[in-house]
Each structure stands twice: as C-alpha cells, then as structure tokens.
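No lab work stands behind these numbers, since they all come straight from the coordinates. Computed from a prediction, not measured in an experiment: that's the story for all the values here. Virtual Cβ from ideal backbone geometry, glycine too; neighbours counted across all protein chains shown.
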Amino acid sequence: MKVLLSIKPEYAEKILDGEKKYEFRRTVFRDTSIKKVVIYASSPIKRVIGEFEIDSIIALGIDALWKKTMHCAGIEKDFYYNYFYGKKIGYAIKVKKTRRYRKHIGLNELNVKYPPQSFLYLTA
C-alpha cells in the first residue's frame, strides 16, 4: 500500500531532485506498513509527478526535530516554525529513493476525486 501526499510544487521538485530529504507533517499515517509516498504537486500543477520510498518517520519535539533535520530540510527555519506553530510534536518523513514519473498523472487516474488535506491511503 502507498500513501498520497499533497506537496507544494517547489518542495515536490526539491524532493525529486534530492535536495529535500525530509517531508514534514503535522500529522502522519498510523499504518507502519506504508513504504512509499506518491507525490501530488498541488496548485498550480495539480498532478501526480512522482513517488519516494520511506526510509523512516521521525517523531520529535519541534526544536529537536529541526536540529536533527535542518541540514537537509529543504525549507527555511521560519517556514518550518510557522508550519508547526502550536504543535508539540512534529513528524519528518525521511526520503530514501525517489522516482520521477515521465508522464504526470491526474487524480482521476488513481480513482481519487479530491487532493488529500493531509494524506490518503492508495490501495492500487
């Protein structure tokens, strides 16, 4: 099984280019059998553009998580802290191996009607 994540296009590209090694989330899926993330590049692209294998998922306090991941975060410190504002625990999905799709895919091709707010399990 895979999970579909909506990611801003600039960060999706950084992940696929190997510059961003962590995808940060305020909440994360509980199914530990998930090994791949399918990347939906949000507006203005609005297409599925690739995927990555999950190395691990790190759950830490916000300051500790930044200290552990800042070297390959792919985002600015201010953006990070604004994103996690009000949260005590943050999650970082560590990217293992990426795959860019040659042909971008519409959500309808995955039988998905709407992009996920946080994540969506994919069974196919």
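Return the residues of the stretch 5-16 that are part of a strand (DSSP E or B) and small (Gly, Ala, Ser); say none if nothing qualifies. Spell out the reasoning first.
Of all residues in the stretch 5-16, those part of a strand (DSSP E or B) come to 5-7.
Selection gives 6 alone.
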Query - Condition broken by residue 68, with the remaining ones in (1) assigned to a helix (DSSP H, G or I); (2) surrounded by 18 or more Cβ atoms within 10 Å (Cβ to Cβ) satisfied - result: (2)
**Report entry** Selection status of residue 32, outside any helix (DSSP H, G or I), touching a residue at least 40 places away in the same chain (Cβ under 8 Å) and not acidic (Asp, Glu)
**Finding:** no
Report task. Provide a single number: the residues in the stretch 76-115 that are out of contact with any helix residue (DSSP H, G or I) (no Cβ under 9 Å at 6 or more places or on another chain), part of a loop (DSSP other than H, G, I, E, B) and surrounded by 15 or more Cβ atoms within 10 Å (Cβ to Cβ). Result -> 1
Query raised in the report: If we scan the stretch 17-29, do we find a residue that is closer than 16 Å to residue 105 by Cβ and not in a loop (DSSP other than H, G, I, E, B)?
Result: no
